[in-house]
1. Just to be sure before I move on: is residue A:180 touching a Pro at 6+ places or on another chain (Cβ under 7 Å) and not charged (D, E, K, R) in the structure I sent?
2. Are there helices (runs of 4 or more DSSP H) fully within region A:1-120 with at least 2 residues that are touching an Asp or Glu at 6+ places or on another chain (Cβ under 7 Å) and in contact (Cβ under 8 Å) with a residue 24 or more places away in the chain? List them.
3. Does region B:321-344 contain at least one residue that is touching a Phe, Trp or Tyr at 6+ places or on another chain (Cβ under 9 Å), within 9 Å of chain A (Cβ to nearest Cβ) and either hydrophobic (A, V, I, L, M, F, W, C) or free of Cβ contacts under 8 Å to residues at least 24 places away in the same chain (or both)?
4. Residues in region A:285-311 that are within 8 Å of chain B (Cβ to nearest Cβ), closer than 15 Å to residue A:75 by Cα and of a type in the set (Val, Ile, Thr): how many?
5. Can you tell me which condition residue A:320 does not meet? The list is (1) among the hydrophobic types (A, V, I, L, M, F, W, C); (2) out of contact with any helix residue (DSSP H, G or I) (no Cβ under 8 Å at 6 or more places or on another chain); (3) within 14 Å of chain B (Cβ to nearest Cβ), and all the others hold.
6. Taking region A:270-284, which residues are facing chain B (nearest Cβ under 10 Å) and in a loop (DSSP other than H, G, I, E, B)?
7. Please state which one of A:109, A:123, A:69, A:119 is closer than 23 Å to residue A:322 by Cβ, crowded, with 16+ Cβ neighbours inside 10 Å and at pLDDT 95 or above.
8. Within region B:381-391, can one find any residue that is within 21 Å of the chain's Cα centre (by Cα), outside the structural domain of residue B:61 (by TED's automatic domain parsing) and under 20 Å from residue B:148 (Cβ atoms)?
Amino acid sequence: MENIRNQTKIFFLRILNIPFAFLMHAIDLIMWPIQKIIGVRNMPYIFLLPNLIFFGLFVIIPLGANFFFSLSSGDELLFAERELPTTKQYNQLFDCESYLNPNTCTEDFFWRGVYNTIFFVVFQVGLMIFFSVLTAVILNKKIIGRGFFRSVFFFPVLLSPVVVGLIWQWILLKNGAFNAIIESYGGDKVSFLTDPSWAMASVIFVSIWAHMGFYTLIVLAGLQAIPPNLYEAAEMDGTSRERIFFRITLPLLMPNLLVVFILASIKGVQTFDEIYVLTGGGPGTSTSLIVQYIFTTGFASSGSVQNFGLAAAASMVLGVVLLFLTLMQLYFSRNKESKHQEI
Amino acid sequence: MMNFKFILKAISVALVSFSLTLISAVSFAATDVRIMWYGDGDKENVPIAAQIDEFNAANPDINVILDIVPYDAIMNTLPIQLAAGEGPDIARVTDLGGLNKYYADITPYVADPSYYEKSFGPFLNWYRKPGDTTSIHGFHSTMTVTGPYVNKTLFEQAGVDLLGPGATWEEWAAVSIEVAEKTGTPIPMAWDRSGHRVSGPAISMGAKYFDSNGDPKLVDDGLKAMTQMLYDWHQAGTMSKDLWGSVSGSKYHAPNDWWNAAEVVFMMSGSWQIGRFANEVGDDFDWWAVPAPCGPAACTGMPGGNALLAFNANPAVGKVMDYLSSKEQLSSFIGQVLAIPGHLDLQVDYQTDDPNAKHALNTFAGAVPTIDQVAFDLQAHVDNRIMFNAIISRLGQAIVGEMTMEEAWTRMDEDVEKQLKEKYGG
């Protein structure tokens, strides 16, 4: 009986194998002549080619187009109809009496976006690292329902930024859920999203809520990689908990925290969608970041001139910042790898 | 060998039959006409969808596809689609002059070009490029007039009389505050966050918008007076910063939620809200449209509206335009959506028993002859949006304290100048 079952299984597997074998032979028909021509050593390039074509089409060409747009002016979309080349857009972006006062800049919205982005990134990343470490340390302990809490903290990462924005708008609006609770306890309503002094704090809070789970996971992995014998030795020596944390945990977590810092900074500089949904960049321009400036200038001008050139120039500036952060990340992650190899 | 030949023959016959079927299917396929439509909710979307269904049923050779999109898509996505040469055949737009370089002349494809001239005459120039006096690009779907509404029930509860024609903006603000105080209403006044809405009152205060050569010149004493008044109302709490201050740039924002919840005494908006109020307010409270308040120069609102305009010219597009612009279809549409017709000779049987809606329709229709010429010129100007957006983004910043009104006025002029330079070079 067992034998019949096995034979039937093999029979069906063979049938299932036919299309696969056919496909492999078809690929072989194409690959064999190519290999004959370019040699085995060059074959990896052929396998990389499909990916490189997509990368070129959707990354390199748009990047080049963006660069050329930044060197052109006019409200036309097609290159042939645009005035080119000109550095006008860059001159306009950097035309400031004082870079510290956006009101003195020709493109004051851009500089407000720059300062708002810096403020946002500094506080969002700083607080995010703090809360990620705090949460990871707690979740690393043997607490009841640890698995459940790990899932709960990670859950917001799975949500779309638009959903995050809408949920928190519903909670933080003047007539929202949070103000209803405040009022029920006799407090006054707070304009979390429409008062300039509250709006930035609100968007930083929401952003931390939405992304913290991801970074907590990285820190948690770092915590679990710390050899437990170090803690045992410290406990045997009667070292205090604070000293253990600052002298063992934190130094050994540093490589992970560096990754978290750089990844969160890159993400922070790129932030747009959840804030756009939550506050629309307002009140005034108090939560308007660089990416919103680019989007509004190029694509959402509500009937004004769609200044693709200026938006492209601002994108190039943002690109340089992101390139710098990415290079930092590469440098530190390679440094970390080489240290691991040395160990 | 015979078998192989037979198989080859069979394949050839099958291929030929398939090709013929394909060719005939293509030749008899209906011509697609794509319409990009934004509507103010179901009250506009349902009637137009019914008309399109009716047209498709009566014209099997044409397949009209109605894409209902949000207003933002018309303002921000459509211009990019058109610039890339990927726009729809027809779209319902409000930036009438701003997109004129993309409009197609459908004169050769409409049954009677003189019908368009007779019926929509003054509006046709709003779509045309400067110097063009003959092209037909489409027709006015509805005409709109900006103006205020009041919550009449709140006035009655407060024992305050409504003001009549000739009342000034200051007087309306004063009575709105009085009513709000007496009834415990949180917001005396709320305006749509829109430069178009500000412009009628600004013209009433003496704003001219153009210099002696007819070129845009935004900031003058009239505009300063109105924008200063709006700024002061926000600082004094007559208007809530939660609306104008809540978003950034030139983003449109309307206080409908507050209005529907009876949290506003006086709302500055326009005639397009009538159908919406009739549906959403119902009999919760009485609401009336009141004549445009006055300034030293005029008592005017802004004209406006939306038009169905063609971006492709072909017989199918012409036929669709003829159908939708016909007296019968327009009258039916306007009657259902409770709007002011853009057709100069149209009898409309409004399908409503709501006395508030009827009163509002009469008020706005009666306001058309009182619209100031500057307002018409501004509405017809190809770059009016540039001016509207400059007003709203800079005034919004001043209101939340990012700049002074002096700085805002300087920036408004600079924004207009900068945008015009980008558009026209120089």
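The values are calculated or read from the model by the stated rules, or taken from the named source; none is laboratory data. This is a predicted model, so every value here is computed, not measured. Don't worry about glycine lacking a Cβ; one is built from the backbone with ideal geometry, like all the others, and counts go over all protein chains shown.
1. Working: touching a Pro at 6+ places or on another chain (Cβ under 7 Å): no; not charged (D, E, K, R): yes.
When the stated conditions are applied, residue A:180 does not pass them.
2. Per the criteria, A:88-93.
3. no
4. So the answer is 2.
5. Here residue A:320 meets the rest and fails (3).
6. Within region A:270-284, A:279, A:280, A:281, A:282, A:283, A:284 qualify.
7. None of the other options fit; the residue is A:123.
8. So in region B:381-391, the residues within 21 Å of the chain's Cα centre (by Cα) come out as B:381-391.
In the following step, the residues that additionally are outside the structural domain of residue B:61 (by TED's automatic domain parsing) were identified as B:381-391.
Still in the list and also under 20 Å from residue B:148 (Cβ atoms): B:388, B:391.
The answer is yes; a qualifying residue exists.
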